[in-house]
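Notes for the one structure printed next.
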Amino acid sequence: MRVSKRLMDPMRNPLVTLRRDRSSALSVLAHCTPIGLAILGLLWWALPASAAAGQPRVKNVLLLFGNPRQRTNFVEWLDPPLRARFPGEIAIYETYLESPAGDAAAYWDSEAESLRRRLSKFNLDLVITVGPAEFEFALQYRDKIFPHAPILFTEVGTRQFGGKTWPGVTGLTVPVGIGETIDLALKLQPDTEAIALVSPYDPFWLEATHNEILRYRDKVREIDFIGPPGPELLGKLAALPPHTVVLFHYAMPPFGQPPLAGLDLIDAVAERRPTFSAWRWLCLDHGCIGGAYEDLRKQTLWAAETAARLLSGTKPEDIPIQHSTDLQVQVDWRALQRWHIPESRLPPGSVVLYRELTLWERGRKYFVAAIFVIVLQSFLIFALFWQRARKRRAEAELRRSEEKFSKSFRHSPLAVTITSLSDARFLEVNETFEQLTGWNRRELIARTPLDVNIWVDPDQRTVFTQQLLAHGSVRDWEVRIRRKDGQTRTARVSAELIEVGGEPCALSVIADITERKQAEEVLSTVSRRLIEAHEEERTWLARELHDDINQRIAIVSVNLET
């Protein structure tokens, strides 16, 4: 027996929050007067009771299964609608009841005692059984395991339990479509001459099956294989005559009886003969063609609605036991293909399971994705060609612009250089600069002015770089440069801060002003000499006037006076 549990998050319990708030309030009150301490004592005992009274208790639900196959869809279809219809919190427990291999009575007593110990700490509010054996187990041991919990049964045949009632019990009985399954077999296999019935010895179900086959006694004959499965039975079934269909008769065993271990047998027989069964879990996905079965989803939804009513306080006696009459033909598409049965023979409303998807259905999402990718790629290719054409036009424009710049750069009457500011290396120079300095381009590229000793005053280079970085440009900076032959020239430099490959560089334009400086110096010398000659002439005139003219005037003056 395995018990699993799924609970809501306990930290979301309002009672926890209430107790935390109460602790905070009481911690403040504890620092007050003795009257406050008295109030503290009253609240300590009163608040837990009021909180517990205001907080709804979690409802505990136990699910009894006979095998894991029953759980596959049941819990998935039961849980969401149950929680949607019941406003409180629900804890769901699950257990599987295995069939005994030996002494059935002792085994079930031991199983009941083990389950009672496991569930003793939980106050169960509802027990849901799935299958007749589980229902009978719950009825027999309810007083020992869950004496006060109502029982809700499902997956119980109307033929077995129809018309019966029990206190504290409600549920839904379902039809076992033996006759409908036989009708389906003869409809899909119209040339059938015999029906081979494979069944354990169970008088109730054998009689019900015989009565259904008798309806076709004028058309088919019945071949019975009654007893436990085994190699001998498989050999007999393999020797069946042509035009024979196999009807696997297997119901959930009555409480306390061992089951028929026939799954391997039906797998082997279904490969040799068209096989049908009135029990879904025995037939489908075991090579069997199919049968008529109850609508399990509708049945589980009814169970969820009824369970919500029971958990809300409705008494089981106020919910009458329901008897479903709906049956639905369900077939295995793979078995139809194996026996070449066209789907047109199926009754209207039949459900075809395990259908092999078409190439489009199997790969629909991949095809859609591929189409989307192809369209996207086509668009991207078009965009790429368009972008490529634009890029080529831009490159052509850039190339023409670079050619113009290169031509202007190389043949400019002014010396032009491009140098890196990070390490002062020459990146490019033009012909005029080569003529100005006497260094050729190959000797200057990747070298610094200090390497070739161009700057007469290296400190000027540092100040020049600082001003260029600070202001972004330098205008009419007069420097002295040294040619390769050692001759000193005077130049005027203007520079702009640019980027080359993301690196800050200086674009410098240099004009040789040596001759102009020399002319200015010559003009300055001539002017100085003219001034000096003028001063000398004035001095001579003054001396002549003082030494000659003045003397003569004095003599004339004396003579006149005389």
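The values are calculated or read from the model by the stated rules, or taken from the named source; none is laboratory data. For clarity, every value in this text was computed on a predicted model and none was experimentally measured. We place every Cβ from the backbone using ideal geometry, glycine too, and count neighbours over all the protein chains shown. Accessible surface areas use protein heavy atoms only, side chains included; no ligands, DNA or RNA. Shrake-Rupley method; radii C 1.70, N 1.55, O 1.52, S 1.80 Å.
DSSP bridge analysis restricted to the chain gives an antiparallel fraction near 45%, rounded to the nearest 5. With every protein chain in place, what's the accessible area of His411 (1.4 Å probe, Å², nearest 10)? That residue has around 120 Å² of solvent-accessible surface. The helix-based estimate of mean residue ellipticity at 222 nm for the chain, built from -39,500 (n - 2.57) per DSSP H run of four or more residues and divided by its residue count, is -15500 deg cm²/dmol to the nearest 500. Extents of segment 91-199, taken as max minus min of Cα coordinates on every principal axis and listed largest first, are 61, 32, 25 Å. Straight-line cross-link reach from Lys219 at under 14 Å between alpha-carbon atoms covers these aspartates and glutamates, not counting any fewer than eight positions away in the same chain: Asp183, Asp191, Glu193. Across all directions, the shadow cast by the convex hull of segment 351-393 built on its C-alpha atoms averages 3.3 square nanometres. Across the chain, Cα-Cα pairs more than 35 Å apart make up 68 percent of the total. Between Leu380 and Leu414, the C-beta separation translates, for a Förster distance of 51 Å, into a calculated FRET efficiency of about 0.60. Looking at Ser408, Ile213, Ala105, which one has the Cα that reaches farthest to the positive end of the dipole of the chain (charges on Cβ: Lys, Arg +1; Asp, Glu -1)? Comparing the listed Cα positions along the dipole, Ile213 ranks first. A Förster radius of 60 Å, combined with the Cβ-Cβ distance separating Ala268 from Ala91, puts the computed FRET efficiency at roughly 0.90.
Axis angle, to the nearest 10 degrees, between helix 104-119 and the longest C-alpha principal axis of the chain: 40 degrees.
Cross-link partners for Lys517 among the aspartates and glutamates, with Cα-Cα distance under 17 Å and sequence neighbours closer than 8 places in the same chain left out: Asp476, Glu478. Just list whichever of Lys407/Lys484; Lys121/Lys164; Lys164/Lys187; Lys121/Lys144; Lys187/Lys298; Lys164/Lys315 have alpha carbons separated by over 23 Å in the model shown. Distance filter (> 23 Å) returns Lys407/Lys484; Lys121/Lys164; Lys164/Lys187; Lys187/Lys298.
Annotation: per residue accessible area for the chain equals 58 Å², rounded to a whole number [probe 1.4 Å, protein chains only]. Panel note: the C-alpha atoms of segment 392-482, placed on their principal axes, show extents of 46, 31, 23 Å (largest first).
Each residue was assigned an accessible area with a 1.4 Å probe, and for Glu232 the value is about 130 Å². Treating only the Cβ of Lys, Arg, Asp and Glu as charged (+1, +1, -1, -1), what charge dipole size does segment 267-382 show about its Cα centre? Round to the nearest 20 debye. Charge dipole, segment 267-382, about its Cα centre: 380 debye, nearest 20. Per atom type, segment 280-374 shows carbon and sulfur on 58% of its accessible surface, probed at 1.4 Å. In the context of the full protein assembly, Trp77 retains an accessible surface of approximately 50 Å², using a probe radius of 1.4 Å and ignoring ligands and nucleic acids.
Over all distinct Cα-Cα pairs of segment 155-257, the Kirkwood formula returns a hydrodynamic radius of 15.3 Å. Taking the longest Cα principal axis of the chain as reference, the axis of helix 203-213 is set at about 80 degrees. Short-range pairs are left out: with C-alpha atoms under 8 Å and at least six residues apart, the relative contact order of segment 330-417 is 21 percent. Over segment 380-472, Cα pairs under 8 Å with separation of 6+ residues give a relative contact order of 17 percent. The magnitude of the dipole of the chain, with charges of +1 and -1 set on the Cβ of Lys/Arg and Asp/Glu and taken from the Cα centre, is near 600 debye. Based on the convex hull around the alpha carbon atoms, segment 85-152 presents an average projected area of 5.1 nm². When you restrict to C-alpha pairs under 8 Å that are six or more residues apart and normalise by the size of the chain, the relative contact order lands at 9 percent.
For the pair Arg393 and Val368, what calculated FRET efficiency results from E = 1/(1 + (r/R0)^6), where r is the Cβ-Cβ distance and R0 = 30 Å, to the nearest 0.05? FRET efficiency, Val368 to Arg393: 0.20.
For the chain, the longest principal axis of the C-alpha atoms and the axis of helix 14-29 are separated by about 60°.
The GluC sites (Glu not before Pro) of segment 113-212 meeting both criteria, a DSSP state outside H, G, I, E and B (loop) and at most 16 other C-beta atoms within 10 angstrom of the site's C-beta, are Glu193.
For Lys391, the aspartates and glutamates whose Cα comes closer than 18 Å to its Cα, not counting residues fewer than 8 places off in the same chain, are Glu402, Glu403. Selection among Pro342, Val452, Leu427 by position relative to the dipole of segment 329-484 gives Pro342 as farthest towards the positive end (Cβ unit charges, Cα centre).
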